[in-house]
Amino acid sequence: MDSVSLSEVTVMRRTHLGFMHSFTQPFSGVTISPKFCHSKVVGSRAISSSVSSTKSQYVYGESLAATADSDYKMNGLTLKNRISSVKERLLLDAFDDEYGGVVVDHGRLPSSPTVFTSMLQSSLSDWRRKVKLGKKGVWLKLPVEQSELVPVAVKQGFEYHHAEKGYVMLTYWIPEEEPCMLPGNASHQVGVGGFVLNQYKEVLVVQEKYCTSSNTGLWKLPTGFINESEEIFSGAVREVKEETGVDTDFLEVIAFRHAHNVAFEKSDLFFICMLKPLSDKIIIDNLEIKAAKWMPLVEFVEQPMIKGDKMFKRVIEICEARLRHRYCGLSPHRLVSAFDGRPSSLYYNVVDDDDPSHSNCTAEFY
């Protein structure tokens, strides 16, 4: 019976009954051959102390008969095939991703941490044997309802990748001699600021209700973060509307700033957007905004905090240059890429020398 190890039989016997539904009789009252029951168990290993020469035995209530070629029969099926089938059910359900990695099916995880431990260990052993076939990275998504499985996975060598409200994502890199090639978590947050100028050369500004002591009393542009799956241009319009109640049209991206080690040690992209006002009535968001108003551009620029900030001063200079048509920003153009077949926004501006009116550089802001 060289096709079946005693450790495999022992692990099968100790596994949750739910994985044994194909066996026809319960454990109680079953005659077990000494060949299978007289063993010393150490962890997940079984060491046999005696070998029975009985030719007809019972395992889990099913008849086990020796065949001429030393294989064993269990109710008409070879034990070798039956053990192989059971071993498959001891592995976590998973599928291959497009890069040759393994993605565990989080919808079919066992509820018991004990069973999960056994299945995860068996699965890791199976995946390690498949390294030569390209199986290197493992993705394990654990729903918040099964958060008790997280310590089990971490103990087996999984590392945190990222977390959302409903789950935590963990990863495991199999080849120890190779650097991990799994992509990291999102590295940036994206913010927008709306530069809205009316026909009276007044800029729409706000005072935030919660700010640092150094920014107390500062009148600034409406700003905020882009939501998930939101475009830069629509996010800028939304933020201005939420904070001030003013409706606007997006015109172009004037400039953007790239900073590092900001919130949660992530990098930050901040886009300054030119917007055209469609209304002038201000209705502030009382949760975030202390006050809002239309402020003469000259007065806005003369604020000490603005004059003393070289970068923001340059932003204002760029905006003023745009008003005089001496500078042109970037406008979004919806295009479909052959790489993924999805529409996306490409920001650019091309000036047609034969017909300058084709450029957004001639657009007015009010």
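Values as computed for the structure displayed
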| read-out | value |
| --- | --- |
| Prolate/oblate/rounded call for segment 119-232, Cα gyration tensor, a/c under 1.5 rounded | prolate |
| Segment 203-338 - percent of accessible surface contributed by carbon and sulfur, probe 1.4 Å | 56 percent |
| Heavy-atom accessible area order for ARG324, ARG129, largest first, 1.4 Å probe | ARG129, ARG324 |
| Percent breakdown of C-alpha pair distances by 5 Å bin, ordered from the shortest bin, for segment 201-284 | 3, 13, 21, 24, 22, 13, 5, 1 |
| Å² of accessible area per residue within segment 161-223, as computed with a 1.4 Å probe and no ligands counted | 55 Å² |
| Accessible area (Å², per residue) of segment 227-316, counting only protein heavy atoms and a probe of 1.4 Å | 58 Å² |
| Amide hydrogen neighbours beyond the local backbone of TYR167, cut-off 5 Å, H modeled | VAL144 |
| Cα extents of segment 240-290 along the three principal axes, largest first (Å) | 38, 28, 11 |
| For peptides 90-99, 334-343, sequence by mean Cβ density within 10 Å, most packed first | 90-99, 334-343 |
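The values are calculated or read from the model by the stated rules, or taken from the named source; none is laboratory data. Just so it is clear, the model here is predicted, and its values are computed rather than measured. Here the Cβ is made from the backbone with ideal geometry for all residues, glycine too, and neighbour counts use every protein chain on show. For the accessible areas, the whole protein counts, side chains as well, though only heavy atoms, and no ligand, DNA or RNA atoms are used. Shrake-Rupley method; radii C 1.70, N 1.55, O 1.52, S 1.80 Å.
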